[in-house]
Amino acid sequence: MNKSKVRLIDVAEKAGVSKSTASQFLNGRFDFMSFDTRLRLQKAVEELNYVPNNIARSLKTNKTKTLGVIVRDISSYYTSQTIRGMDDYCKSHGYDLFIYNSDFEPKTEKNALTTLCQLNVDGAIIASCGNNAKLIEDISNNTMPVVQFQLEHDDCDTGIVVADYKRASFDATEYLINLGHKHICFVTQKFESVKSRQEKYQGFVDAHTKHNLPVDETLTIHWSRQDGLHRSPIDMLKSDNPPTAFFTQQIAITIDVLKELEAANIPIPQDVSLLGFEEIPMAEFFKVPITVIKQQPYELGGEAARMLMNKINNPKSVNTRMLVPCSLVERSSCAAPKA
């Protein structure tokens, strides 16, 4: 036979206090509570195995102490580190997370947003695919606060935490230029509609401008998740205007370029240098350890959670944009171009 569920009044009666006092104890309000009362209540909770009813609590406080997180690829190194940062921050502030994976699908992302609204979470953090900008902004303005991270899209006004992409790209490009590279291939996804990718390219351009070097747009390779590299790096190296370095804009792109260079037996950095944006797990153990721009996903995740909680506690606060700095990690994949 199933035992009846333990109620708040059962805890209060066992501890010999009022229901109101028991509720104050469970909500951490001890200011006017004697130490003896607190001990009796703690003992009653433990002996009865009492679990608070969060649904009932949320009806009184209008808060569920839960947040939603929507990511594009939960299996990626960057995303897992970011979620860990969010989770650690939330745990320390008494919040739990619901995590959804969109797989880069706009419909899946939209369904996740709808579900989080139905669950009455207190707020959401999202790395959006970019196709639900109006919905995200409407939810943030009218239903619950939303903070974005990782990628910034046009026409979507919410709080956001992103890496300082422009500065990091500038530093990486200038590092290659200072090594003597004047023909650098920029390998990227299409960036016209994604502000974060635009900023990477702008940092690349700014470094060239500082050093009075033209940007050769023919030295650009586009990449997509569906088709991979749209142009062969090997064919480009065999052209009349070959690059002396590849600057790749995320892990998957870096890996694809590495595979092509390896298959063609092109030595790095003797024949061509390679610099990747975003740390590759265990990159230091590669045959040729890869020089990278290292982001701070754990710190970024914590800052996104902190920003969201501030919006929850201060609903009239303005949307802010926070930049998290990156750093250049020099390894063995970059050298001066061969004579």
**Study point:** Meets criteria (modelled with pLDDT under 95 and under 16 Å from the mean Cα position of the chain (by Cα)) for residue 293
**Key:** no
Practice item. Return yes or no: is residue 82 within 25 Å of residue 250 (Cβ to Cβ), touching a Pro at 6+ places or on another chain (Cβ under 7 Å) and modelled with pLDDT of 95 or more? Key: yes
Review point. Which residue, of 164, 154, is under 18 Å from the mean Cα position of the chain (by Cα), under 23 Å from residue 320 (Cα atoms) and at pLDDT below 95?
Key: 154
**Study point:** Identity of the residue in the stretch 99-139, among the small types (Gly, Ala, Ser) and touching a residue at least 40 places away in the same chain (Cβ under 8 Å), that ends up nearest to residue 160 (Cα to Cα)
**Key:** 127
Point to revise | Single unsatisfied condition, residue 195 versus (1) under 29 Å from residue 128 (Cα atoms); (2) crowded, with 17+ Cβ neighbours inside 10 Å; (3) touching a Lys or Arg at 6+ places or on another chain (Cβ under 9 Å) | key: (3)
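How many residues does the stretch 255-291 hold that are in contact with a strand residue (DSSP E or B) (Cβ under 6 Å, 6 or more places away or on another chain) and part of a loop (DSSP other than H, G, I, E, B)?
Number satisfying all stated conditions: 3.
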Exercise for review: Six or more apart or on different chains, Cβ under 6 Å: which pairs go from a residue in the stretch 189-202 that's more than 18 Å from residue 251 (Cβ to Cβ) to one that's modelled with pLDDT of 95 or more? Could you list them?
Suggested key: 199/165; 199/166; 202/166
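Residues of the stretch 198-221 being of a type in the set (Asp, Glu) and either more than 23 Å from residue 278 (Cα to Cα) or surrounded by fewer than 13 Cβ atoms within 10 Å (Cβ to Cβ) (or both), which ones?
216, 217
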Check your understanding: Given the residues 308, 300, 328, 323, which is the only one that is within 26 Å of residue 259 (Cβ to Cβ), in contact (Cβ under 8 Å) with a residue 12 or more places away in the chain, in contact with a strand residue (DSSP E or B) (Cβ under 9 Å, 6 or more places away or on another chain) and not in a loop (DSSP other than H, G, I, E, B)?
Key -> 328
Practice item. Can you run down the residue pairs with Cβ atoms below 6 Å, 6 or more apart or on separate chains, where the first is in the stretch 226-240 and under 16 Å from residue 254 (Cα atoms) and outside the structural domain of residue 103 (by TED's automatic domain parsing) and the partner is acidic (Asp, Glu) and surrounded by 12 or more Cβ atoms within 10 Å (Cβ to Cβ)? Key: 228/256; 229/256; 233/260; 234/260
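The values are calculated or read from the model by the stated rules, or taken from the named source; none is laboratory data. The model shown is predicted, which means the values in this text are computed figures rather than measured ones. Quick reminder, even Gly has a Cβ in these numbers, built from the backbone with ideal geometry, and neighbours come from all protein chains shown.
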